[in-house]
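These notes concern the structure reproduced below.
Laboratory data are not the source of any read-out in this text; all were calculated from the coordinates shown. As the structure is a computational prediction, the values presented were derived from the model and not from experiment. As a convention, Cβ positions derive from the backbone with ideal geometry for all residues, glycine included, and neighbour counts pool all protein chains shown.
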Amino acid sequence: MSTESPDRPDHPAGKPPRTGPGSRPEHPVVTRLRENRAADRQLRVADAITRFAGSMAFVYIHVAGFAVWMLVVESNPWPTLTLVVSLEAIFLSTFVLIGQNRAAAFQQAKADHDFLEQEAELKTNTQLTREIHVLTTELHRRVVGGR
């Protein structure tokens with residue numbers, strides 16, 4: 001028998017799956033999507049913005065910035081501040097949607113991969129069960145039939 005699984009040529013039998021950052025085993029779909037994202041500059045920028053916008057540093061910067069704006073910069077900050085906050089909300093909601101679309105695409109790719117893997121395992125197990133049945137029947141025929 002070959003050292004590679006016929007259904008999974010990229011994963012040699014007996015070896016753990018590829019590892020990603022931090023040397024942890026990583027699902028093949030995660031590896032592929034991470035590599036694709038790393039190769040696309042726009043996606044890297046979107047990831048960086050999303051990562052920053054989802055941090056407490058983002059909140060602290062905005063609290064400090066809005067406080068300075070309201071208390072120091074303008075005497076009547078509300079019209080301009082409302083415009084700035086509205087525009088920022090529009091752009092940030094777009095990044096949230098990009099992130100949701102990315103998560104949905106990842107989940108679908110992972111589900112597709114897992115389905116194919118499970119189907120291959122089912123096919124292999126069914127074939128092994130049939131072969132075991134044939135061998136058991138032959139063994140039974142020889143042992144019991146020989147008496």
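Each Cα pair under 8 Å and six or more residues apart adds its separation to the average, and for segment 18-147 the resulting relative contact order is 24 percent. Extending 7 Å from the Cα toward the beta-carbon at both L43 and E138 defines two label points whose distance is 5.0 nm.
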